[in-house]
Amino acid sequence: MFTTFLSELDQSTPRYTSYPPATYFNKDITSQHYIDWIQEIEGDLSLYVHIPFCQALCWFCGCHTKVPGNYEAATDYLTSLYKEIEIVADLVPATCCITHLHFGGGTPTFLKSSDLEMLFKNLFQNFQMTKEVTIDMEIDPRTVKEDLVCLIGELGVNRVSLGVQDFDPKVQEAIGRIQPFELVEDTLYRLRQKGIVHVNLDMMYGLPLQTEKSIEENVKKVLKLAPDRCAFFGYGHVPWMKPHQKKLEIYQLPDSLERYKQFSRAKYLFNASGYESIGIDHFALPGDSLLLAAKSKRMKRNFQGYTSDQANAVIGLGASAVTQVPKGYLQNNSVTKAYKEALNVQKTLPIGRGFAFSNEDKIRGEIISHLMCFFEADLSDICGTPRLAQEYMKGAYQTLHLYEREGLVTIKDLKITICEEARYLTRLIAKSFDDFSPHTKRIDKDIKIKRAKG
């Protein structure tokens, strides 16, 4: 039975960095929704800035990015990004301050130092930042020259996340990302020399040619680098969405059981070396901000993954970036050309699609988030009343009862707890409350009907 669960987990289960998953966003959400919704937000905000360029395309990549023919594409993109920044900044209520600034991609360090500095200047001129603003940046060690290392430190970047994935040369060749251990080690040393001590490494399991033994060697090298945090993601093979991933099909990808063994081995080694588990795929040393947030039940989950950010809304800037506000999600056009045309030709915000929350969506999302973050969810607390909690439990009971019978979860007084040995299956268990999953019974039938017609 456990292997059946593993197979279902890998084949058809969302990562739940949003609820509903982005595959259910629709084009009914427009720039007018953005204008209306963003002007109603209150309190602290988080900014996400997307740079959709890389020097080379990695065959495993599932991100919105491309390899431009020349650097002028990035210069042209930045011109449009500056326009979006100005428009959005004018819409944000004056009482809102930015507490968290995250640069992702793609590769933010694809930009020249002068352009990265100008981007920072533009953001700080248009948005009100708190003095303690946290600034995170995703980094490709292959693109970090000395001048960029110096600049990142001067700009106030607090934390960097280095994309590594795997240290084995054979795996690197298979996935199209040649990146020797020594290069990562040198990049990390130079960053630390400039005062950037909070470091995350992004690693992966389930890639071609990986084995339990090679995963063990990867973890040993991570431990040698001693980051305060490591994300250990499972590779998602979605060639119907990302055609370049088909290049990996010349290799035999690890099956569901092998993936589980690879992750379990990594988890054991991290835990034995003093790293504590966070959520379903992170590990951190004591004192790490995300670990502290998890222990105090303040950790959240959004499109950037797990976060300690307590902002009330996330504003996404750039092609494909997602904005999350209390009323719903709004995603910019993922195609860079369409993104630029909206801003420069149509003179409007580049919204491509989104989703408007119902009250039930919010409750389901909160239940799923609690399970993903803390491996437990007290439905009475989340739903507000025992009667409503019972309705949600009833709708999910068909699958939850199976998981309870198999010893994966315990259910007591409307509180669901995922057992330690079943946490690898958390996404599958959380799926029990996903209204967009066929087995889930919706509470509000009227909304279900409206969606079906839409």
Which count do you get for residues in the range 300-320 that are part of a loop (DSSP other than H, G, I, E, B) and closer than 22 Å to N200 by Cα? 6
Tally the residues that are buried (at least 16 other Cβ atoms within 10 Å of the Cβ) and either of a type in the set (A, V, I, L, M) or more than 13 Å from G318 (Cα to Cα) (or both), restricting the search to the range 64-83. 4
Could you tell me which of the residues Y306, Y275 is among the aromatic types (F, W, Y), modelled with pLDDT of 95 or more and over 17 Å from the mean Cα position of the chain (by Cα)? Y275
How about the range 266-282: which of its residues are surrounded by fewer than 19 Cβ atoms within 10 Å (Cβ to Cβ) and of a type outside the set (D, E)? K267, Y268, L269, N271, A272, S273, G274, S277
Going through Q55, Q32 one at a time, which residue ends up being farther than 30 Å from D115 by Cβ and either of a type outside the set (G, A, S) or touching a strand residue (DSSP E or B) at 6+ places or on another chain (Cβ under 8 Å) (or both)? Q32
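Listed here are the residues, each with its yes/no results for (1) within 25 Å of P68 (Cβ to Cβ); (2) under 22 Å from the mean Cα position of the chain (by Cα).
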position: T109; (1), (2): yes, yes
position: L116; (1), (2): yes, no
position: K145; (1), (2): yes, no
position: V157; (1), (2): yes, yes
position: L183; (1), (2): yes, no
position: G195; (1), (2): no, no
Determine whether F270 is closer than 16 Å to D202 by Cα and in a strand (DSSP E or B). no
Test Q324 against the criterion of being out of contact with any His (no Cβ under 6 Å at 6 or more places or on another chain), of a type outside the set (A, V, I, L, M, F, W, C), closer than 21 Å to Q32 by Cβ and part of a loop (DSSP other than H, G, I, E, B), and give yes or no. no
Near pairs, Cβ below 6 angstrom, 6+ apart or cross-chain, from the range 410-423 (in the same structural domain as A396 (by TED's automatic domain parsing)) to any residue that is among the small types (G, A, S): L414/S380; L414/A389; I416/A377
Of the residues I135, I152, I139, I175, which is touching a residue at least 40 places away in the same chain (Cβ under 8 Å), of a type in the set (A, V, I, L, M) and more than 29 Å from E216 (Cβ to Cβ)? I152
Kindly indicate whether K221 is free of Cβ contacts under 8 Å to residues at least 24 places away in the same chain and closer than 19 Å to S264 by Cα. no
One residue from L101, L81 being touching a Gly at 6+ places or on another chain (Cβ under 7 Å) and aliphatic (A, V, I, L, M): L81
Which of the following residues is within 28 Å of T3 (Cα to Cα) and assigned to a helix (DSSP H, G or I): Q390, Q398? Q398
Among the residues of the range 158-214, how many are surrounded by fewer than 20 Cβ atoms within 10 Å (Cβ to Cβ), touching a Gly at 6+ places or on another chain (Cβ under 8 Å) and not in a loop (DSSP other than H, G, I, E, B)? 1
Every residue from the range 1-56 that is assigned to a loop (DSSP other than H, G, I, E, B), charged (D, E, K, R) and more than 18 Å from the chain's Cα centre (by Cα): K27, D28, E40, E42, D44
Scan the range 354-377 and give yes if some residue there is outside the structural domain of G395 (by TED's automatic domain parsing), part of a loop (DSSP other than H, G, I, E, B) and under 30 Å from A74 (Cβ atoms), otherwise no. no
Identify, please: which residue in the range 360-381 is free of Cβ contacts under 8 Å to residues at least 40 places away in the same chain and not aliphatic (A, V, I, L, M) and is, among those, surrounded by the fewest Cβ atoms within 10 Å (Cβ to Cβ)? D381
Long-range neighbours under 7 Å by Cβ, at least six apart or interchain, first residue without any contact (Cβ under 8 Å) to a residue 40 or more places away in the chain within the range 239-259, second surrounded by 17 or more Cβ atoms within 10 Å (Cβ to Cβ): P239/Q245
Any residue in the range 331-348 that is crowded, with 18+ Cβ neighbours inside 10 Å, among the basic types (K, R) and part of a strand (DSSP E or B)? no
Failed item, numbered, when E86 is tested on (1) in the same structural domain as D281 (by TED's automatic domain parsing); (2) surrounded by 16 or more Cβ atoms within 10 Å (Cβ to Cβ); (3) not aromatic (F, W, Y): (2)
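The values are calculated or read from the model by the stated rules, or taken from the named source; none is laboratory data. As the structure is a computational prediction, the values presented were derived from the model and not from experiment. All Cβ positions, glycine included, derive from the backbone under ideal geometry; neighbour counts span all protein chains shown.
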